[in-house]
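Data block below; observations after.
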Amino acid sequence: MTERKKRAVSFLPVYAVFLGMFLVFGPGVYNDSDQYIKMHIHREPLYPLFLALLRTLFPGEENWLTAMGILQNLIAAFSVWAYAEYAGRRFKLSFLGKTAVLLLGFAPHVTTMFFSSLHLFMSNSVMSEALCLPFFTLFMMECFKIVVETDRKVVRKAVWVSLGLSLLLSLTRSQMMLTVLMWLVIAGARILFARGAVLEVGGESVQADCRKTAGIGAGGGNGSGIGFKKEKVCWLAMAVMAVVCVFCLRTLAVKSYNLVFNGHFINNTYGTVNTLTNILYAADREDGERIGDAEARDFFYRMYDLTEERQANYKYAGDSWKEKAEHIEEWHDTVKYEMIEDVFYRTYDKEVTSDYIIQNLMADETAGKIIKGILPACFARWFGNYLLIARYGLVRSIAVVHPVLNWAAAFLYLSAFLMMWLVYRKDRTNPAVPLMLVALLAVAANVSAVSLTIMCLSRYMIYGFVPFYTGYFLLALSCYREYRKG
């Protein structure tokens, strides 16, 4: 049996595990699921279209939910398997080493099943995360190739595949627009720092210039001096233009989708209302005097008074960091749904229209006016809360929030930096170092983006779990190998 066939056969038990989890637990339908099924204006287009296709091909709720579970678990299994296969080949892992990476890939699904508030097995659920998590795993695998591979064709392919995956991710969940910016940082770093790097290829050191190792810029120039710098600038400019094109393409795709299925050529709504939630939580009533628009000011006072009535703002959060973070998380959804949404929609129902799309557009516009007025006054308090939310996000990216595990997570982050320094000092060409840097970039980007608008729940944070622990495992393995060498 050829090596390729062996790898293909090794996929079957991975898929069997995922499929078994679907047979045991069945499909999961949650509060948010209805918005995907009904192609709600709040939701990005890719996952609703995926569900619509399944409903068309497999009529009947039981039939399309079964097809969904089979396909989503197939995609999830493939992402975990492909990720472990790549890590095994690139880092020459033993069977046990590759199995460890495989188990790491499976871990987020177990984590959300037993530790998240919804207790969902991700790939069984009617939630966009069912596609987003495997797409993100594949995206990270391609990003790793960009920073650790030396073959020009491999790097070029990884550049374009990862960019395509970032577009798909941004069309699945809005928070995943961060992957487009991550791609720019990673591709830019490859362009800037590839020249003169001694890279490992099959155990041999190869001194490589930018045209051979960047994989992006392979054009003219003599590889030195002013011409070489101009070449880097040129390829960086092209990377920026690629990002601009992806954002434009995403905007066009979202607006076209909403035109076809919701009758309006508009972006998804509700983002500004989401952002208002944490800002309203941090505001004082007198901050409303800064709102120029009278209608928006009246809305703010009504919303703020509800937070006071139910003790749902910062004043009632306690003194410790723990009490403040827990109070924010306890009241976030209540503030958003009962003190912001209800105030908007009940008013619009009575005085303007019952069309929910028009209501959403008006709510977003008014929320923007409120934010513009009150944020300068409560910025310091809002930013302090942002850091508290992000703190829990960093923990949930690699662990579960708990007084003991919080310190364990801090130790893991600090020890990761320590191991990077130790490994880099011994061998500057060790690919485990840039791999961990990319993993930490993914964790930081996700936490930063999510903390701006919502809570850092496990199902939002789980994307950094596999990259971080893969990097951690490979760094620890490198340290162990160096120790064995004496």
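Need the failing condition index for MET362 against (1) touching a residue at least 40 places away in the same chain (Cβ under 8 Å); (2) of a type in the set (A, V, I, L, M); (3) open to solvent by 40 Å² or more (accessible area, probe 1.4 Å), just the number.
Looking at each condition in turn, MET362 falls short on (1).
Of the residues that make up region 376-383, is at least one in a helix (DSSP H, G or I), aliphatic (A, V, I, L, M), farther than 30 Å from GLY464 by Cα and touching an Asp or Glu at 6+ places or on another chain (Cβ under 7 Å)?
Checking region 376-383: at least one residue is in a helix (DSSP H, G or I), aliphatic (A, V, I, L, M), farther than 30 Å from GLY464 by Cα and touching an Asp or Glu at 6+ places or on another chain (Cβ under 7 Å).
With under 30 Å from ALA476 (Cα atoms), out of contact with any strand residue (DSSP E or B) (no Cβ under 8 Å at 6 or more places or on another chain) and assigned to a helix (DSSP H, G or I) as the only criterion, which of ARG346, ARG396 stands out?
None of the others qualify; the one that does is ARG396.
Looking for something open to solvent by 10 Å² or more (accessible area, probe 1.4 Å), within 21 Å of the chain's Cα centre (by Cα), farther than 26 Å from THR347 by Cα and without any contact (Cβ under 8 Å) to a residue 40 or more places away in the chain - is there at least one such residue anywhere in region 309-321?
No, the conditions are met nowhere in region 309-321.
Looking at region 1-110, what helices (runs of 4 or more DSSP H) fall wholly within it and have at least 1 residues that are more than 25 Å from the chain's Cα centre (by Cα) and either β-branched (Val, Ile, Thr) or surrounded by fewer than 19 Cβ atoms within 10 Å (Cβ to Cβ) (or both)? Can you show your working first?
Values: elements: 3-25, 33-37, 46-57, 61-90.
Answer list for region 1-110: 3-25, 46-57, 61-90.
Can you go through GLU326, GLU351 and tell me which one is free of Cβ contacts under 8 Å to residues at least 24 places away in the same chain and either within 20 Å of ASN268 (Cβ to Cβ) or within 25 Å of the chain's Cα centre (by Cα) (or both)? Walk me through it before giving the result.
Numbers: GLU351 fails: either within 20 Å of ASN268 (Cβ to Cβ) or within 25 Å of the chain's Cα centre (by Cα) (or both).
Sole residue among the options that is free of Cβ contacts under 8 Å to residues at least 24 places away in the same chain and either within 20 Å of ASN268 (Cβ to Cβ) or within 25 Å of the chain's Cα centre (by Cα) (or both): GLU326.
Does ILE371 satisfy the criteria of being over 26 Å from the mean Cα position of the chain (by Cα) and part of a helix (DSSP H, G or I)?
Here the answer is no, as ILE371 does not meet what is asked.
Kindly establish whether GLN72 is out of contact with any helix residue (DSSP H, G or I) (no Cβ under 7 Å at 6 or more places or on another chain) and closer than 24 Å to LEU167 by Cβ.
It is false that GLN72 is out of contact with any helix residue (DSSP H, G or I) (no Cβ under 7 Å at 6 or more places or on another chain) and closer than 24 Å to LEU167 by Cβ.
Just give me the residues in region 365-413 being buried (at least 21 other Cβ atoms within 10 Å of the Cβ) and of a type in the set (S, T, N, Q), in sequence order.
Within region 365-413, THR366, ASN385, SER397 meet the criteria.
Being at pLDDT below 95, among the β-branched types (Val, Ile, Thr) and assigned to a helix (DSSP H, G or I) is the filter here, so list the residues in region 165-200 that pass it.
Of everything in region 165-200, just one residue is at pLDDT below 95, among the β-branched types (Val, Ile, Thr) and assigned to a helix (DSSP H, G or I), namely ILE191.
Of the residues that sit in region 233-269 and are assigned to a loop (DSSP other than H, G, I, E, B) and open to solvent by 20 Å² or more (accessible area, probe 1.4 Å), which one is modelled with the lowest pLDDT?
So the residue we want is ASN268.
Can you tell me which residue is nearest to ASP32 (Cα to Cα) among those in region 165-178 that are open to solvent by less than 10 Å² (accessible area, probe 1.4 Å) and in contact (Cβ under 8 Å) with a residue 60 or more places away in the chain? Explain how you work it out, then say what you get.
Pass one, region 165-178, residues open to solvent by less than 10 Å² (accessible area, probe 1.4 Å): 166, 169-170, 172, 176.
Then drop every residue that is not in contact (Cβ under 8 Å) with a residue 60 or more places away in the chain, which leaves 166, 170, 172.
Details: SER166: 23, SER170: 18, THR172: 14 Å.
By that ranking, first place goes to THR172.
Can you find a residue that is in contact (Cβ under 8 Å) with a residue 60 or more places away in the chain, assigned to a helix (DSSP H, G or I) and open to solvent by 30 Å² or more (accessible area, probe 1.4 Å) anywhere in region 293-304?
Yes - at least one qualifying residue is present in region 293-304.
Taking region 134-151, which residues are open to solvent by 10 Å² or more (accessible area, probe 1.4 Å), of a type outside the set (Phe, Trp, Tyr) and at pLDDT 90 or above?
Residues satisfying the conditions are THR137, LEU138, MET141, GLU142, LYS145, VAL147, GLU149, ASP151.
Of everything in region 298-342, what is within 16 Å of ALA367 (Cβ to Cβ) and of a type in the set (Lys, Arg)? Give them in sequence order.
ARG302, LYS336
Among the residues of region 73-92, write down those that are touching a residue at least 24 places away in the same chain (Cβ under 8 Å) and of a type outside the set (Gly, Ala, Ser).
Correct list: ASN73, LEU74, ILE75, PHE78, VAL80, TRP81, TYR83, GLU85, TYR86, ARG90, PHE91.
Run down SER116, SER162, SER125 and say which single residue is of a type in the set (Ser, Thr, Tyr), modelled with pLDDT under 95 and crowded, with 23+ Cβ neighbours inside 10 Å.
SER125
The values are calculated or read from the model by the stated rules, or taken from the named source; none is laboratory data. Source: prediction; values computed, not measured. For neighbour counting, all protein chains shown are included, and Cβ atoms are generated from backbone atoms with ideal geometry for every residue, glycine included. Please note that ligands, DNA and RNA were not included when accessible areas were found on the heavy atoms of the full protein model with its side chains. Shrake-Rupley method; radii C 1.70, N 1.55, O 1.52, S 1.80 Å.
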